[in-house]
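Structure first, commentary second.
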Amino acid sequence: MVGPDPRAVVVTARDEVLARVRAARAGSALVEPERRYLQDGAHAPGSAAALDLLEDRLVDYQAAVRRSDTAGLRHAVAEALAAAGVADGRVLLPPDLPSAWAPDGRPDDGSLPAYELDRFAAVVTGSRVACAETGTIVLDAAADQGRRAITLVPDVHVCVVRADQVVHSVPEMLARLDPTRPITFISGPSATSDIELDRVEGVHGPRTLSVVLVTG
């Protein structure tokens, strides 16, 4: 019995399809697509419309939202913690949260492992930017936000967002980020659903997200 010729070239279906594509494109020039991407949103950064839209999206995601001016920020943070049932001082803080509104708590020095972070009831942080269109808050591990672990392990996250950090669209949000930094996108409390759409919160991060919008 004579076996197959080892010198024979095997043509697969993939090879045949690609050969037909090359033949169809032979002699044709590539056309550069028109790039007219939106760079700016419909609402100006920090505008009342942008803040209202962000609040609407956050509430829809089951986050708690309260507004405050700078003078009342410490009180607003305390209210957010109390509303989430955190009243015993078990609060974790980034290393450089502004003292003017930081609650009583322990500044994180980076030494606590995850199992010890889990002993804290809440974390209070600042933020880098927020996108009103998607209801997304972004952290980038700056000194007023801390390392990613402290915002994922405690059950309650109180996040302070200034009006000038709120933009309307995703391109505006991305333009304010440094891609070399550790970035966390937050759209409401951590939640997931199974195949029967039973919602379970707190699986991948805080069960409760409370946002304080600083409007003046």
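FYI, it's all coordinate maths here, none of it is from the lab. Because the structure is a prediction, the values reported are computed rather than measured. Cβ atoms come from the backbone with ideal geometry, glycine included; neighbour counts cover every protein chain shown.
For the range 25-42, 3J(HN,Hα) computed residue by residue from phi via the Karplus equation (6.51, -1.76, 1.60; θ = phi - 60°) reads 8, 4, x, 9, 8, 6, 9, 6, x, 6, 10, 10, 6, 5, 9, 10, x, 6 Hz, glycine and proline entered as x. Computed from backbone phi with θ = phi - 60° and the Karplus coefficients 6.51, -1.76 and 1.60, the 3J(HN,Hα) list for the range 121-131 is 7, 7, 10, 10, 9, x, 8, 9, 6, 9, 9 Hz; x is used for glycine and proline.
Using +1 at the C-beta of Lys and Arg and -1 at the C-beta of Asp and Glu, which of V214, A122, V21 has the Cα lying farthest in the positive direction of the dipole of the chain? Most positive-ward Cα: V21. How many percent of DSSP beta bridges within the range 48-214 run antiparallel, rounded to 5? Beta bridges within the range 48-214, antiparallel portion: roughly 30 percent. Most tightly packed first, judged by the mean number of other beta-carbon atoms within 10 Å of their residues, the peptides 153-163, 176-186 read 153-163, 176-186.
Look at the dipole of the chain built from charges on Cβ: of A100, S47, P171, the Cα furthest out on the positive end belongs to P171.
Most tightly packed first, judged by the mean number of other beta-carbon atoms within 10 Å of their residues, the peptides 82-89, 15-22 read 82-89, 15-22. Using Cβ point charges alone (K and R +1, D and E -1), the dipole size of the chain about the Cα centre works out to roughly 620 debye.
How much length is gained if the chain between D88 and V59 is pulled fully straight, taking 0.36 nm per residue apart and subtracting their Cα-Cα distance, in nm to one decimal? If you can, show how the numbers build up before the last one.
Values: separation 29, 0.36 × 29 = 10.44 nm, distance 2.64 nm.
Length difference between fully extended and current span is 7.8 nm.
Axis angle, to the nearest 10 degrees, between helix 48-60 and the longest C-alpha principal axis of the chain: 80 degrees. Shape analysis of the range 48-214 places it in the rounded category; the axes a ≥ b ≥ c from the Cα gyration tensor give an a/c below 1.5.
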